[in-house]
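J.: Below: one structure in structure tokens.
The values are calculated or read from the model by the stated rules, or taken from the named source; none is laboratory data. Because the structure is a prediction, the values reported are computed rather than measured. For neighbour counting, all protein chains shown are included, and Cβ atoms are generated from backbone atoms with ideal geometry for every residue, glycine included. What goes into the accessible areas is simple: the full protein's heavy atoms, side chains included, and nothing from ligands, DNA or RNA. Shrake-Rupley method; radii C 1.70, N 1.55, O 1.52, S 1.80 Å.
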Amino acid sequence: MKTVFSILDYADYNTRVISDLLACNSVIYHRRYGKGKSSCSKLAYKMLFLPERYFGPWYAGIELALLFGKTIEQDCICPVLLVYECNYLALNSKLLQGMKRKCPQLKLVLILTNIVGAIGSPKSHLEEQKKVFDFIVTFSEDDAKRYDLVHYEGMYSRINITGLRASDDDYSYDLYYCGRDKGRTATLLSIAEILSRKQVSYRFDIIGGIGPKLDGFSYLREPVRNDEMLRRASMAKTVLEIMADPTNKGSSLRPYEAYALNMKLLSNNRYLVEKPWYNPKQIAVFDDVQSIDIDFIRTPLKPEDVQDLSVLSPIHFLEFVAKELNVPFEEI
């Protein structure tokens, strides 16, 4: 018996996270989201609300063929469908149940990247989803305990950093931040005041925020594309992470991106020191802006202090999923 993983993805930044899997023989990759502009997306979204009788074996069979190709017809295959919560299929319990009836060996896993209650993962659907999916995995330790979900620490793929900077010592600024406002602008202003006194350069790209027009500050209406954000981050010595709620044990992608870019991270996330992949030479945590280590920010990371990114490989995640489902896993 061989396990085949079909991944239903939804965003550029997440594709970056799992990109190491895309060339694997046992992985089939798809990109699908929610109510899009295309006629196909609109039709698929409307089908969420059709009566159950419309989801007969014919439609379940079509969906299985789309997601797994001809491998679904092989008796020696154990198909595992990984669905990210923002996809409309995550809410289509009738179709998922039909797919399981059509293919009894099918395993379903729901992946929550957002905190429960945020966009794409409303609380009202969780109990119904638990009845359909074999298990639900979240990257939030708090949510895992609160809603009885399976917790996974996090993952990230390698980034080809060649060409992002002209050379290893070609930096445009010492510190870089990119993220939504969500009340963070006041903290960023306080940090900027300290950095200016210490002659530390910075670039803060604030999405959806409004504030004073200062050098180094950019207030953006739209999010920065993931590849562009990574390019800008690579031009700094250190990346800044500001958690809107420092009491939450979760994490943004900033630590993983810093590791993938061979960079330092400055964060107010006190729980980073508890992570199994925490590297004190690459991550500095502060409780208040007055305690920020200025020398850490403006000193480039030494090659010998770089964290081995293999500990965050998404291949380990697939191995974790296979173990939870008690299905075979072949080393990729």
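J.: Before rounding to the nearest 500, sum -39500 (n - 2.57) across all DSSP H runs of length at least 4 in the chain and divide by the residue total; then give [θ] at 222 nm in deg cm²/dmol.
T.: -8000 deg cm²/dmol
J.: Pick out which of Ser93, Ser172, Ser291 has the largest mean-square fluctuation in a Gaussian network model of the chain, springs linking Cα atoms closer than 10 Å.
T.: Fluctuation is largest for Ser291.
J.: So which of Lys131/Lys323; Lys100/Lys249; Lys100/Lys275; Lys130/Lys249; Lys130/Lys182 end up more than 29 Å apart, counting from Cα to Cα?
T.: Lys100/Lys249; Lys100/Lys275; Lys130/Lys182
J.: Right, here's the next one. Report, in degrees rounded to the nearest 10, the 0 to 90 angle that the Cα long axis of helix 185-197 makes with the longest principal axis of the chain.
T.: 30 degrees
J.: So, R0 is 25 Å and r is the distance between the beta-carbons of Arg158 and Ile207; what FRET efficiency does that work out to, to 0.05?
T.: 0.40
J.: To the nearest 0.05, what FRET efficiency results for Lys198 and Val311 with a Förster distance of 35 Å applied to their C-beta separation?
T.: 0.60
J.: Give the span of region 203-297's Cα atoms along each principal axis, as three whole-Å numbers ordered largest to smallest.
T.: 36, 27, 27
J.: Same structure again: So what are the ³J(HN,Hα) numbers for region 81-95, from phi and the Karplus equation (6.51, -1.76, 1.60; θ = phi - 60°), rounded to whole Hz, Gly and Pro as x?
T.: Result, rounded to whole Hz: 9, 9, 10, 7, 4, 7, 7, 4, 5, 5, 9, 8, 5, 5, 5.
J.: Please find, in a Gaussian network model of the chain (springs between Cα atoms separated by less than 10 Å), the residue of Leu82, Leu106, Leu175 whose mean-square fluctuation is greatest.
T.: Leu106
J.: Among Ser201, Ser140, Ser267, which one shows the highest mean-square fluctuation when the chain is modelled as a Gaussian network with alpha-carbon springs under 10 Å?
T.: Among Ser201, Ser140, Ser267, the largest mean-square fluctuation in the Gaussian network model of the chain belongs to Ser201.
J.: From the Cα gyration tensor of region 63-111, with a ≥ b ≥ c the square roots of its eigenvalues, which class applies: rounded if a/c is under 1.5, or else prolate if a/b is larger than b/c, or else oblate?
T.: Judged from the Cα gyration tensor, region 63-111 comes out prolate (a/c at least 1.5, a/b above b/c).
J.: How much of the accessible area of region 242-332, in percent, comes from carbon and sulfur atoms when a 1.4 Å probe is used?
T.: 46 percent
J.: Then there is this: For the chain, count the residues as N, evaluate 2.2 N^0.38 Å, and divide the Cα radius of gyration by that value, please.
T.: 1.09
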